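Below is one structure, written out as structure tokens, with a few remarks after it.
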Amino acid sequence: MNNQLRDIIFSGIVSVRDRLLQLDNPLRLESGEPSFDTPQHIKEAMAKALVDNHTHYAASAGIKPLREAILKKITEKNKIGYIDGLDKIVVTNGGMHALYCTFQTILNEGDEVIIPQPNWTATGSMIELAGGILVKVKLKPELAYRWDMNEVESKITTKTTAILINTPHNPTGGVMTRDDLKALLEIAEKHNLYIISDEAYEDIFYDQKHI
Ligand SMILES: Cc1ncc(COP(=O)(O)O)c(C=O)c1O
């Protein structure tokens, strides 16, 4: 068996979910999922794609219309201007697959990645599977579950390769401010680090806008 797998823990939240799914009609508060079903137009498009036989191998980076739609979303909604072509976009089978590919790409054995504590368990596993070491920095309740950036910088060593952020954050709901992001960017530039940004919950906001 692969030695790395031996050290990967089974996610506590997934154990809870597996147990909940054995119950009749449980009140589910365990996963970061919206409370509505997949919208009708998406279901219909998926069903139509099957009927139209879009079931064969496609381009490995994803089909062109999807990558075009992602580029449009990133440029127009997120106002990220530096992603200037489809060659910068790769479609994955969800967020965790994206993080898996990312860490397999940027990490070598023993490289350190700064991550928020607590964090979605699977994210840490993606780093460990790539041979990375987790350097956990606590999100502070007194800072509305944000980082103390001085503490983040104090954890940087010669092995630090990347800083993972997740905003809005699962499970705390903490949100990084524009000043937090600017401070992090300065730290990353100074120490030549990647920032890996997991924004899976960018649309789950109640009283403010995603930055
Ligand atoms: C922080 C975080 N990122 C990403 C995801 C989504 O991962 P996936 O698309 O693989 O389900 C989740 C799911 O719970 C998550 O909690």
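Label-to-label distance for HIS56 and SER35 is 4.5 nm, based on points extended 7 Å past Cα in the beta-carbon direction. Taking each of LYS79/LYS209; LYS77/LYS138; LYS73/LYS209; LYS64/LYS88; LYS43/LYS209; LYS182/LYS209 in turn, the alpha-carbon distance tops 19 angstrom for LYS77/LYS138; LYS43/LYS209. Computed over the alpha-carbon atoms, the range 138-211 gives an Rg to Rh ratio of 0.96, Rh here being the Kirkwood radius from the mean inverse distance. Remark: spin-label model distance SER197-ILE8 equals 2.7 nm, labels positioned 7 Å along the Cα→Cβ axis.
Scanning the chain for trypsin sites (Lys or Arg not before Pro) that sit in a DSSP loop and have at most 12 other Cβ atoms within 10 Å, the longest stretch containing none of them is 80-208. What does a probe at PHE205 reach in the range 147-182, counting residues whose amide N is under 16 Å from the point 7 Å along Cα→Cβ? Those under the cut-off are 166-170, 173-182.
A simple spin-label model places pseudo-atoms 7 Å from Cα toward Cβ; at LYS159 and ASP18 they are separated by 3.0 nm.
Taking the inverse of the mean reciprocal distance over all distinct Cα pairs, the Kirkwood hydrodynamic radius of the chain comes to 19.5 Å. Bridgeable aspartates and glutamates around LYS136 (alpha carbons under 15 Å apart, same-chain partners fewer than 8 residues away excluded): ASP111, GLU112, GLU128, ASP148, GLU151, GLU153.
Of the GluC sites (Glu not before Pro) found in the range 158-211, those in coil by DSSP whose Cβ has at most 14 other Cβ atoms within 10 Å are GLU199. Along the chain, the exposed loop sites are chymotrypsin sites (Phe, Trp or Tyr not before Pro) outside DSSP states H, G, I, E and B with at most 10 other Cβ atoms within 10 Å, and the longest stretch free of them is 83-205. If you take the beta carbon distance between LYS77 and LYS48 as r and set R0 to 25 Å, what does 1/(1 + (r/R0)^6) give as a FRET efficiency, to the nearest 0.05? Calculated value: 0.50.
Taking the charge dipole of the range 25-67 about its Cα centre, with +1 at Lys and Arg Cβ atoms and -1 at Asp and Glu Cβ atoms, the residue from GLN40, HIS54, LEU29 reaching farthest to the positive side is HIS54. Principal axis extents of the C-alpha atoms in the range 1-91 (largest first, rounded to whole Å): 44, 39, 32. Taking Cβ atoms as reference points and 14 Å as the exclusive limit, the residues near ASN3 contribute a net charge of -2, counting Lys and Arg as +1 and Asp and Glu as -1.
For the range 93-198, the average shadow cast by the Cα convex hull is 6.1 nm², which is a quarter of the hull's surface.
Read-outs throughout are calculated quantities, based only on the coordinates presented, and are distinct from any laboratory measurement. None of these values were measured; they are calculated from a predicted model. Counting neighbours? That spans all protein chains shown, and the Cβs are built from the backbone with ideal geometry, glycine included.
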